[in-house]
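Where a number appears in this text, it was derived from the coordinates with a stated rule and is not lab data. Computed from a predicted model, the values in this text were never measured in an experiment. Please note: Cβ atoms are built from the backbone with ideal geometry, for glycine as well, and neighbour counts cover all protein chains shown.
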Amino acid sequence: MGDVAEPEPEREAAPADEGPPQEFHFATLFDGEDTPVALRQLPRVWRAGLALVLAASRARVITTSVLMAAAAGAAVARVALYAAVVHRLVGTQGSQPSLRSFVAPVLGLAGLHLVEQAAAAYQTVTSEILGREVSVEASRRIMDAATAVDLLAFESPAFHDQLQRADAQARFRPMQVVTALQHVTRGVATGVGIVIGIAVVSPILIPLVLLVYAPIGVALILRTGEEHRFVRGMTRQEREQAYVSSLVTSRESAKEERAFGLGPELRRRYETVTAAIMDELRRTKRRQARTMLVGNVASLGLVAVVLGSTGALYQAGRLPLAAGVASLVALQQLGGFISLAAFGAAQLHEAGIFLQDYTRFIELADGAARAVPPPTVTGFSSIATDGLSFTYPGSTTPALADVTIEIPAGQVVALVGENGSGKTTLAKILAGLYGPTGGRLLVDGAEAAPGSVAVLFQDFVRYGFTAADNIAFGDPSRLDEEAAVKEAGARSGAAAVIERLPAGYETRLTRVFEEGVDLSVGQWQRVAIARALFRDAELVILDEPTAALDPRAEAELFDAMSSMMAGRTVVLISHRFSTVRTADQIVVLERGRVLEHGTHRDLLAAGGTYAELFNLQASAYRDDDPEPEPDPDPRSEAVNTPPGAGVATQAGPAVPAASHPSTRAT
């Protein structure tokens, strides 16, 4: 029995007939197969994108729209003035136009060009700022959504796929919707003005010009579909690529990577997954290139038809020279704006397809947030499980099966078992972090969850903030209670370390940022224990709370914690039997089932799995290995102590009398 983290059971594909989760489980919402966005859904997706952009900065959206409208108006007027210049050149038969007649339209053209360029420049700057604001707003919403979903969702690979796609697309797709709408509006509005002018001169050219850019628009839409299929198909590979890269570059894994010489192997795995991504990318881009080539060739053919038709009309005398030249100039301008509108429409379609990933994630998370969670109870008298079972998403093997236990308030209950037996999973359900997939969690006889819980897991988080923050995060509503922070630090033994830091409790606990420091594993564990103590909770879950401490430090810590635990219900997970032997009751788990339970003395007398594990661990601390006799007094400090062995006959320190369950310590 080593002090190692307990791995969760192996996950396999879930059977189709597995019963539905309770209503406050939402992980399965993210496990369904994603379906492509339908055309009828695009308006809803666009509205969601626009709402996000407007929430980021309504004023900047209006500013960019006004600037684009000014640029569009200048473009229409510029075409009209250009036509006036052409008319002066060719419209007067047998006379030479005066230079003065060109001054006004040329100056007008220059002024309009200046307006266009200024509007475009300011619009670019404003759009860049708005784009950053949209990205920040999208990140806020994704963080809120990720916080709202049930904890079990984080056990689902499909959830992580959707989270990555949502995060990637939300950063710029909503802004793409706004920009695309502006392009479409500018292109259509300007184009309509030009069409009206052309229609007066030669209406027969209008349908031909509109046909010129139809193939390009179709090609852009097909290209977008190829891009979306690539992005969705490569989500898992890109997550793996990012994960391998983080192993090589992160501070946490750097020590082991160098100690074992893992660099070349990790690089090989990175190259393997990258090669798969790049192969698919090249195939996708080749298909897109073929699609665009076909569209451009078709469009070029139609341009030739338009030019030929214009020449034929002139030859037939149906189109005067001045009108023909002006029409060709206008047609060229119209083509540019039709291209702009077609590009905007294609971008709008693309944004809608990709933005679906964001809107779907937010909608699922909103559904999770709106769902009714189980009621919580404070001031409870007992917590119990009734035939409780639990299966992780994507697994056919239950992590827990038919678990029935009762924990009276104020008791210390120890969960014991080999790795993978379900101890941590059961602790998470008792804390209300997971809901059972079968059976019931009962608080005072009703289906509910405890309302006041403090949890310390073995894989606790090391926040890269100040030492005070790391403790106060146990109860964010009390971040400014400096005295309570220091009290929790003192009781956990962390104060002796923190007070020697350069800035004491205001020292940042990370070397990633300047002026920060790092702590040893044992010192970090004391800080994490202080965080749990700071949360003045009725139910305390301790998962291997002293795994990184030496025997003396462990004994001192439990002694100091005794008063803090008084009157609280404690669920303790530990591989050290010297820690669990004084618990009010011990629950032995094996493969997710309760194998036996009782006091330390009862379980030793029964001679079952607990006795076997206890003796196996205790034998490592004896000179010889006699069979232990049943503990005559589970409250005694000298249980099963061979002559001359003192209190260290068990694996680790014997729990001091001050930390006995009668005083509510663990």
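Annotations for the structure displayed:
- Ordered by the number of other Cβ atoms lying within 10 Å of each residue's own Cβ, fewest first, ILE383, ILE429 fall into the sequence ILE429, ILE383.
- Environment charge of MET292, counting only residues whose C-beta is closer than 13 Å and scoring Lys/Arg +1, Asp/Glu -1: +3
- When each of the peptides 451-461, 486-496 is scored by the mean number of other C-beta atoms lying within 10 Å of its residues, the order from highest to lowest reads 486-496, 451-461.
- Sites ALA168 and ALA120 - FRET efficiency at Förster radius 35 Å, r taken between beta-carbons, to 0.05: 0.80
- Fully extending the segment from HIS113 to LEU307 would add 67.1 nm, taking 0.36 nm per residue of separation and subtracting the current Cα-Cα distance.
- At R0 = 25 Å, FRET efficiency that the Cβ-Cβ distance of ALA566 and SER381 yields, to 0.05: 0.90
- Protection proxy ranking of 156-168, 533-545 - average other beta-carbon atoms within 10 Å, highest first: 533-545, 156-168
- Ranked list, fewest to most other Cβ atoms within 10 Å of each Cβ, for LYS423, LYS285, LYS428: LYS285, LYS428, LYS423
- Going by neighbour counts of Cβ atoms within 10 Å, the residues THR63, THR404 line up, fewest first, as THR404, THR63.
- With 0.36 nm allotted per residue and the present C-alpha distance subtracted, the LYS285-ILE129 stretch has 53.1 nm of extension available.
- Charge sum, other residues only, whose C-beta stays under 15 Å from ARG478's C-beta, Lys/Arg counted +1 and Asp/Glu -1: -4
- Percentage relative contact order, the range 464-534, counting C-alpha pairs under 8 Å, at least six apart: 46
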